[in-house]
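Peer 1: Got a structure for you, written out below as structure tokens; questions coming shortly.
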Amino acid sequence: MNYTKSETDLIVADSIEELNYKQKKLLLASENGETDDGQKYAEALIKTLDGGVYNKVREKFRDQNYRGKVLAALDKKGVQCVTVKSADYPGLLKQIPVPPLVLYLKGNRALLATRKFAVVGSRRTTAQMTEVCKSICAELSKKLTVVTGVADGADGAAAKGALKSGNIICVLPGGHCRSGAANADLLRKVEQNGLSVSEFPPMTRVQRHTFLLRNRILAGLTEGVLVVSAAEKSGALSTASYAANYSRDVFAFPYGVGVPSGAGCNALIKSGAFLCDCAEDILSVLGIDTDEKKKSEPELEGDERAVYKLLKERGEMHAEAIAAALGSALSDALTVCSLMEIKGLIIRTGGNAFAAI
């Protein structure tokens, strides 16, 4: 991969572990400014570093051998870089208070230029909402690039829903070589068909604070965020908070009273987030025309129609309650529900309980 000098400077500065974000900017300014300005920034940097550390950092930054090793290591790992000086650095991301100096990529970098929308949620998303999330993201990805994580639950469902279209970006909470084994197969598929992004150099370990930093990227890259599930205290809510602070639209799935994984979503709706139960709710707010209509009820007959109507009206129901409502034997109700589950119309939520998709 060929980079300009300014891009290389950013990549090399970002690789220096001794420096924080502000110090990296001071180093770049001291090395690339005019003589007087450069000295001013160098003195500011020295004030935040031990003198010996400053000399070590400056020598490393200027060392052509070190610079070559940094770029060679990225190439070997199959990681590309987009810097704040690159033409394809996302414009929306530049608008946030602390935009990453470098984005590390694997996959189709052209997706950075598309319109993007984030979908996030808890690992403990219910089976029903997981399926709804997957379905909605499949629809959204026909018009937008879906941006999410790769964790189990809502993030994984969003990625799987958008994967077929290729319009999927997964933002990692660590470096590409240290992102953990969770959903590794899904991440490989995303990198083959879509794009993975991190603001961290490839060998950066995942830590608690890196998840919070990652959440600001999810919000910063996109025009809006859908929260699929969130308890009262949830990482997904931090993404929504970033989105609101960046003047991006926030959407949330509605939940019934007493559902722990939906308490945060209901709180968002109460505070002004858009209620969302289909892709069109999002597309219409974003001003995207769609010929897609809300899914009409499938053509069903007899007990299947009655079961589908019950589940749409009442939500999750146990097979015994379904049988009682139909006035049929439990075995007959279970047979009908099993056939409908095979058809992809309903989902088993645990034991013999079912919910419509």
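Peer 1: Could you check region 294-338 and list, in sequence order, the residues that are within 34 Å of the chain's Cα centre (by Cα), more than 24 Å from Val257 (Cβ to Cβ) and without any contact (Cβ under 8 Å) to a residue 12 or more places away in the chain?
Peer 2: Correct list: Ser296, Ser338.
Peer 1: Within region 339-357, which residues are over 32 Å from the mean Cα position of the chain (by Cα) and under 19 Å from Met129 (Cα atoms)?
Peer 2: Asn352
Peer 1: While we're here: Within region 40-90, which residues are among the small types (Gly, Ala, Ser), assigned to a helix (DSSP H, G or I) and modelled with pLDDT of 95 or more? Spell out how you get there, then give the answer.
Peer 2: Initially, region 40-90 is screened for residues among the small types (Gly, Ala, Ser), giving 42, 44, 51-52, 68, 72-73, 78, 86-87.
Keeping just the survivors that are assigned to a helix (DSSP H, G or I) gives 42, 44, 51-52, 68, 72-73.
Those that are among the small types (Gly, Ala, Ser), assigned to a helix (DSSP H, G or I) and modelled with pLDDT of 95 or more: Gly68, Ala72, Ala73.
Peer 1: Could you check, for region 135-148, whether at least one of its residues is touching a residue at least 40 places away in the same chain (Cβ under 8 Å) and in contact with a His (Cβ under 9 Å, 6 or more places away or on another chain)?
Peer 2: No - not one qualifying residue is present in region 135-148.
Peer 1: Condition check: acidic (Asp, Glu), in contact with a Gly (Cβ under 6 Å, 6 or more places away or on another chain) and assigned by TED's automatic domain parsing to the domain that holds Val227. Does Asp185 satisfy that?
Peer 2: Details: acidic (Asp, Glu): yes; in contact with a Gly (Cβ under 6 Å, 6 or more places away or on another chain): no; assigned by TED's automatic domain parsing to the domain that holds Val227: yes.
Spelling it out, it is not the case that Asp185 is acidic (Asp, Glu), in contact with a Gly (Cβ under 6 Å, 6 or more places away or on another chain) and assigned by TED's automatic domain parsing to the domain that holds Val227.
Peer 1: Of the residues Ser165, Ser198, which single one is of a type in the set (Ser, Thr, Tyr), assigned by TED's automatic domain parsing to the domain that holds Ser241 and touching a Ser or Thr at 6+ places or on another chain (Cβ under 7 Å)?
Peer 2: Working: Ser198 fails: touching a Ser or Thr at 6+ places or on another chain (Cβ under 7 Å).
That would be Ser165, the only listed residue that is of a type in the set (Ser, Thr, Tyr), assigned by TED's automatic domain parsing to the domain that holds Ser241 and touching a Ser or Thr at 6+ places or on another chain (Cβ under 7 Å).
Peer 1: Wholly within region 244-357, which helices (runs of 4 or more DSSP H) include no fewer than the required count, namely at least 2 residues that are exposed (fewer than 15 other Cβ atoms within 10 Å of the Cβ)?
Peer 2: Here the list reads 279-285, 302-314, 319-326, 330-342.
Peer 1: Which residue out of Arg123, Arg62, Arg58 is in the same structural domain as Glu232 (by TED's automatic domain parsing) and of a type in the set (Lys, Arg)?
Peer 2: On the way: Arg62 fails: in the same structural domain as Glu232 (by TED's automatic domain parsing); Arg58 fails: in the same structural domain as Glu232 (by TED's automatic domain parsing).
Being in the same structural domain as Glu232 (by TED's automatic domain parsing) and of a type in the set (Lys, Arg) holds for just one of Arg123, Arg62, Arg58, which is Arg123.
Peer 1: Continuing with this model, one more query. List the number of the failed condition for Leu218; all other conditions in (1) closer than 22 Å to Ala110 by Cβ; (2) free of Cβ contacts under 8 Å to residues at least 40 places away in the same chain; (3) in contact with a Ser or Thr (Cβ under 7 Å, 6 or more places away or on another chain) hold.
Peer 2: Every condition holds for Leu218 apart from (2).
Peer 1: Right, here's the next one. Could you tell me whether Lys143 is among the charged types (D, E, K, R), surrounded by fewer than 24 Cβ atoms within 10 Å (Cβ to Cβ) and not in a loop (DSSP other than H, G, I, E, B)? Break it down stepwise before answering.
Peer 2: Values: among the charged types (D, E, K, R): yes; surrounded by fewer than 24 Cβ atoms within 10 Å (Cβ to Cβ): yes; not in a loop (DSSP other than H, G, I, E, B): no.
Here the answer is no, as Lys143 does not meet what is asked.
Peer 1: What number goes with the only condition from (1) surrounded by 19 or more Cβ atoms within 10 Å (Cβ to Cβ); (2) farther than 27 Å from Lys76 by Cα that His209 does not pass?
Peer 2: The number of the failed condition is (1).
Table: residues versus (1) of a type outside the set (A, V, I, L, M, F, W, C); (2) within 27 Å of Ser284 (Cα to Cα).
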{"residue": "Phe200", "(1), (2)": "no, no"}
{"residue": "Met203", "(1), (2)": "no, no"}
{"residue": "Gln207", "(1), (2)": "yes, no"}
{"residue": "Leu213", "(1), (2)": "no, no"}
{"residue": "Ala219", "(1), (2)": "no, yes"}
{"residue": "Glu223", "(1), (2)": "yes, yes"}
{"residue": "Val228", "(1), (2)": "no, yes"}
{"residue": "Ala243", "(1), (2)": "no, yes"}
{"residue": "Val250", "(1), (2)": "no, yes"}
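Peer 1: Right, here's the next one. Only one of these is in the same structural domain as Ile217 (by TED's automatic domain parsing), within 18 Å of Cys278 (Cβ to Cβ) and surrounded by 20 or more Cβ atoms within 10 Å (Cβ to Cβ): Ala138, Ala158, Ala151. Name it.
Peer 2: So the residue among Ala138, Ala158, Ala151 that is in the same structural domain as Ile217 (by TED's automatic domain parsing), within 18 Å of Cys278 (Cβ to Cβ) and surrounded by 20 or more Cβ atoms within 10 Å (Cβ to Cβ) is Ala158.
The values are calculated or read from the model by the stated rules, or taken from the named source; none is laboratory data. What you see is a predicted model, and the numbers here were worked out from it, not measured in a lab. Every residue, glycine as well, gets a Cβ built from its backbone with ideal geometry; the counts of neighbours run over all protein chains shown.
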